[in-house]
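The block underneath contains the structure these notes are about, expressed in structure tokens.
The values are calculated or read from the model by the stated rules, or taken from the named source; none is laboratory data. These figures come from a predicted structure and were not determined experimentally. Don't worry about glycine lacking a Cβ; one is built from the backbone with ideal geometry, like all the others, and counts go over all protein chains shown. With ligands, DNA and RNA removed, areas are computed over all heavy atoms of the protein, side chains included. Shrake-Rupley method; radii C 1.70, N 1.55, O 1.52, S 1.80 Å.
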Amino acid sequence: MTATPTVELPEPLRLLAPDGTLAEGHVPALEGDALLGAWRAMLFSRVCDERCFSLQRQGRLGVFSPVAGEEAAVIGSAWALDPARDWVVPQYRELPAMLRQGYRLEQALHYYRGNPAGSRMDDGVQMLPYQISLAAQIPHAVGLAWGLRLQGLDGVVMVYFGEGASSEGDAHEALNLAGVRRAPVVFVLKNNGWAISTPVHKQTAAPSLAARAAGYGIAGELVDGNDLFAMHDACVRAVARARAGDGPTLIEARTYRLGPHNTADDPTRYVDPVALEDHRAREPLARVRAYLSGGGLADEGSEARLMDELRAQFDAAFAAVEAAPAAGAETLFEHAYARPPARLERQLRTAVAPPEGRGAG
């Protein structure tokens with residue numbers, strides 16, 4: 001048997017070390033109110049994880065995918081966009097980016113409770129709904145970006161997916177089309193180490209998923225996905241490149257999932273606890289906390305007060321959602337067609353008819 005060749009792993013872009021110190025000579029583009037807003041979003045993401053996991057266990061929410069460990073990858077990239085003209089196309093672990101675009105927490109909670117209203121975007125919110133089917137959103141993102149370009153608009157589309165989704169044919173086809181059409185799209189590939197329970201080394205022999213970009217004729221960059229500043233820096237450049245007409249970028253955000261794939265998963269069956277603790281030492285919130293503390297921008301007291309505020313914000317939103325009327329059968333038919341075909345109109349009449357009147361239409 002031929003031995004597998006040893007390949008040296010490339011070093012990702014890193015600007016903020018695990019101890020919160022900046023790379024020498026680097027001045028982060030994310031500063032002031034924008035930085036504090038990103039910090040708030042990171043903490044709120046942890047609150048949402050904490051609360052949603054508990055509510056799912058109580059039977060008050062459906063399946064939920066926590067973001068823990070990936071906050072820098074999601075928030076650093078989202079903060080490089082202009083929500084007024086740019087679009088976000090999520091998979092299912094990007095709630096902080098979705099909230100940044102104008103998606104309301106109440107909508108997310110409706111979604112997690114099985115109400116189709118959670119997938120209806122408010123007017124002016126430039127975002128597609130959650131996509132559970134792996135990689136199915138990536139061709140949509142490329143089509144959306146190509147459409148913006150054909151309309152003469154300067155918007156950029158940012159699409160999120162994981163390393164598991166990157167193994168799907170939809171991902172390869174979309175990346176290839178984006179390169180050919182020079183579509184203004186930024187592909188944020190969050191490599192968190194696991195496609196549910198399948199480790200990344202069983203999916204690819206490549207030392208870097210960002211290296212695939214060369215095969216599509218597009219820009220590619222490997223980034224420390226636990227580094228808020230590095231993710232923001234790389235994505236600012238990628239967005240500027242796309243907006244200028246210079247085509248797409250594939251960014252591999254090398255991060256680590258600190259919790260389960262979702263609330264139906266038990267990671268203790270396949271994750272090495274020693275490796276997990278090693279990754280916890282490099283997780284994104286600790287880095288930003290250390291940086292802010294070192295600069296006198298945050299401390300334990302201010303963080304505790306902010307967490308109390310964010311928990312109260314979540315609890316108020318959930319109380320309103322839980323008190324809302326349950327979705328009716330008619331919601332299955334809404335927002336699917338501009339002009340529904342006759343057969344769906346008949347099905348709608350049957351679905352909303354009282355039991356004694358069903359079958360008459």
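Details
- Some residue of region 136-159 being touching a Phe, Trp or Tyr at 6+ places or on another chain (Cβ under 9 Å), closer than 24 Å to Leu43 by Cα and open to solvent by less than 50 Å² (accessible area, probe 1.4 Å): yes
- Ala210, sole failed condition from (1) touching a Phe, Trp or Tyr at 6+ places or on another chain (Cβ under 9 Å); (2) under 25 Å from Leu95 (Cα atoms): (1)
- Cβ-Cβ distances below 8 Å connect the following pairs, each with a first residue in region 240-260 that is within 18 Å of Ser167 (Cβ to Cβ), a second residue that is surrounded by fewer than 24 Cβ atoms within 10 Å (Cβ to Cβ) and among the aromatic types (Phe, Trp, Tyr), and a separation of six or more residues or different chains: Leu250/Tyr216; Arg257/Trp194.
- When residues of region 210-238 are limited to those that are surrounded by fewer than 23 Cβ atoms within 10 Å (Cβ to Cβ) and either polar (S, T, N, Q) or touching a strand residue (DSSP E or B) at 6+ places or on another chain (Cβ under 7 Å) (or both), the one nearest to Ala281 (Cα to Cα): Glu221
- Here Asn191 passes the criteria (1) touching an Asp or Glu at 6+ places or on another chain (Cβ under 9 Å); (2) open to solvent by 40 Å² or more (accessible area, probe 1.4 Å); (3) closer than 30 Å to Ala290 by Cβ except the one numbered (2).
- Looking at region 1-112, the helices (runs of 4 or more DSSP H) lying wholly inside it that each contain 2 or more residues that are polar (S, T, N, Q) and surrounded by fewer than 22 Cβ atoms within 10 Å (Cβ to Cβ) sit at 32-57.
- Of all residues in region 290-304, none satisfies being outside any helix (DSSP H, G or I) and closer than 25 Å to Arg254 by Cα.
- Residue within region 175-187 that is surrounded by 23 or more Cβ atoms within 10 Å (Cβ to Cβ), farther than 21 Å from Leu81 by Cα and modelled with pLDDT of 95 or more present: no
- Condition broken by Arg93, with the remaining ones in (1) within 12 Å of the chain's Cα centre (by Cα); (2) over 22 Å from Ser208 (Cβ atoms) satisfied: (2)
- Qualifying residue in region 258-267 (condition: touching a strand residue (DSSP E or B) at 6+ places or on another chain (Cβ under 9 Å) and not hydrophobic (A, V, I, L, M, F, W, C)): yes
- Any hit, region 258-268, residues being within 30 Å of Leu61 (Cβ to Cβ), out of contact with any Leu (no Cβ under 9 Å at 6 or more places or on another chain) and charged (D, E, K, R): yes
- When residues in region 113-122 are screened for being open to solvent by 40 Å² or more (accessible area, probe 1.4 Å) and either within 28 Å of Ala29 (Cα to Cα) or touching a residue at least 60 places away in the same chain (Cβ under 8 Å) (or both), 6 of them pass.
To keep it simple, each residue is scored yes or no on (1) farther than 16 Å from Gly69 by Cα; (2) under 24 Å from the mean Cα position of the chain (by Cα); (3) buried (at least 16 other Cβ atoms within 10 Å of the Cβ); (4) not acidic (Asp, Glu).
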| position | (1), (2), (3), (4) |
| --- | --- |
| Leu250 | yes, yes, yes, yes |
| Pro260 | no, yes, yes, yes |
| Thr263 | no, yes, yes, yes |
| Leu276 | no, yes, yes, yes |
| Ala286 | no, yes, no, yes |
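- Of the residues making up region 207-217, those that are over 22 Å from the mean Cα position of the chain (by Cα) and free of Cβ contacts under 8 Å to residues at least 60 places away in the same chain number 4.
- Selection from region 160-174 of residues that are more than 15 Å from the chain's Cα centre (by Cα) and either open to solvent by less than 10 Å² (accessible area, probe 1.4 Å) or basic (Lys, Arg) (or both): Ala171, Ala174
- Met127 being buried (at least 24 other Cβ atoms within 10 Å of the Cβ) and at pLDDT 95 or above: no
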